[in-house]
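Remarks on the structure that follows.
The values are calculated or read from the model by the stated rules, or taken from the named source; none is laboratory data. Treat the numbers as computed from the prediction; the structure is a model and nothing was measured. Note: ideal-geometry Cβ built from the backbone for every residue, glycine included; neighbour counts use all protein chains shown.
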Amino acid sequence: MNTTESTSLYNHLEKMSTTELLTNINKEDAKVHMAIEKVIPQIEKLVDAIADKMLSGGRLFYIGAGTSGRLGIVDASECPPTYGVPQGLVIGIIAGGDGAIRKAIEFAEDDKEQGFKDLQEHNITDKDVVLGIAASGRTPYVIGALQKCREQNIVTGCIVCNAGSAVAEQADHAVEVITGAEFVTGSTRMKAGTAQKLVLNMISTAVMIKLGRVEDNKMVNMQLSNDKLIDRGTKMVMEATGLDYAASNHLLLEEGSVKKAVERVVREK
């Protein structure tokens, strides 16, 4: 059953007060966390599979259309500044190309052949992992990409919000977060999108920790790309080394990362 397209549990939304609208949307959003909790074992298997491949030199690809594709691109784009990994280690691909990030490209998601062609532009190999993201679980662009990947012995995963979907059939590691009917019927940018965003956060964070990009609870490899992050990094060096702010700041800027700054202090002791 395609539960993401089920009729909303709420009628006559246009007659609700603002308070009623917000309260009921929030009530529906609260169901997302329970839906994710049920599939943590599925997410665990996917995280371990991704980490194993990446520790062996592989990359992680997200591929999707519309909202799902955009969410993958957001998560991928945040990995380098947050964890200091190189550009191109986590890659987001959306049906219709980069132009579709801002503006919907008609029928792009219906092309079953284009997904794998887009992956081939990145010289994808069986060292990599491809994660399809599709709320409905029936997006041809994603189905075709995962199908071709499996034929090439490339590990596949997915995040979908319907059970027993065509996308999940092509995934070695399927994460099926059943979020049910949306507040506005069929508007999967709402609960389904929230669920996908949360699961992507879980996956990338857990994988980066497994790759050694976090120490204790700190982003010790983050890029120093703005004043806020430099200040945060300086305080992390202070906490780890006992140096004052000025010395920690100078050392951080010289070394380029919290991890390297702290290691230098340890070496020089």
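Brief remarks on what is shown
- Members of the stretch 45-91 found to be hydroxyl-bearing (S, T, Y) and touching a residue at least 24 places away in the same chain (Cβ under 8 Å), listed by number: S56, Y62, T67, S68, T82, Y83
- Selection of the stretch 123-173 for residues being more than 22 Å from G58 (Cβ to Cβ), polar (S, T, N, Q) and free of Cβ contacts under 8 Å to residues at least 60 places away in the same chain yields only S165.
Each row is one residue, and each column tells you yes or no for (1) in contact with a Phe, Trp or Tyr (Cβ under 8 Å, 6 or more places away or on another chain); (2) under 19 Å from V47 (Cβ atoms); (3) not assigned by TED's automatic domain parsing to the domain that holds I133.
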residue	(1), (2), (3)
A171	no, yes, no
I178	no, no, no
A195	no, yes, no
L243	no, no, yes
A246	no, no, yes
E254	no, no, yes
K259	no, no, yes
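- Test result for K218, in contact (Cβ under 8 Å) with a residue 12 or more places away in the chain and not small (G, A, S): yes
- Enumeration of residues in the stretch 174-194 that are in a loop (DSSP other than H, G, I, E, B), touching a residue at least 60 places away in the same chain (Cβ under 8 Å) and surrounded by fewer than 24 Cβ atoms within 10 Å (Cβ to Cβ): I178, G180, A181, F183, V184, T185, G186, T188, R189, M190
- G99 vs. criteria in the same structural domain as A192 (by TED's automatic domain parsing) and either within 17 Å of the chain's Cα centre (by Cα) or not in a helix (DSSP H, G or I) (or both): no
- Matching helices (runs of 4 or more DSSP H) fully within the stretch 1-84 where at least 2 residues are over 17 Å from the mean Cα position of the chain (by Cα): 18-37, 40-55
Residue by residue, here is whether (1) crowded, with 19+ Cβ neighbours inside 10 Å; (2) outside any helix (DSSP H, G or I); (3) more than 16 Å from the chain's Cα centre (by Cα); (4) not β-branched (V, I, T) holds:
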residue: Q196; (1), (2), (3), (4): yes, no, no, yes
residue: S204; (1), (2), (3), (4): yes, no, no, yes
residue: V207; (1), (2), (3), (4): yes, no, no, no
residue: V220; (1), (2), (3), (4): yes, yes, yes, no
residue: S225; (1), (2), (3), (4): no, yes, yes, yes
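- Search result, residues across the stretch 86-113 that are closer than 30 Å to S257 by Cα and surrounded by fewer than 20 Cβ atoms within 10 Å (Cβ to Cβ): P86, Q87, G88, L89
- Only one of the numbered conditions (1) touching a residue at least 12 places away in the same chain (Cβ under 8 Å); (2) farther than 30 Å from Q42 by Cβ is not met by E239, and that is (1).
- Residue satisfying all of: in the stretch 48-83; under 15 Å from I133 (Cβ atoms) and aliphatic (A, V, I, L, M); surrounded by the fewest Cβ atoms within 10 Å (Cβ to Cβ) among these: V74
- Considering residues of the stretch 137-166 that are outside any loop (DSSP other than H, G, I, E, B) and closer than 23 Å to K31 by Cα only, the residue farthest from the chain's Cα centre (by Cα): V160
- Taking the criterion of being among the hydroxyl-bearing types (S, T, Y) and either touching a helix residue (DSSP H, G or I) at 6+ places or on another chain (Cβ under 6 Å) or under 30 Å from E254 (Cβ atoms) (or both), the residues of the stretch 173-224 that qualify are T179, T188, T194, S204, T205.
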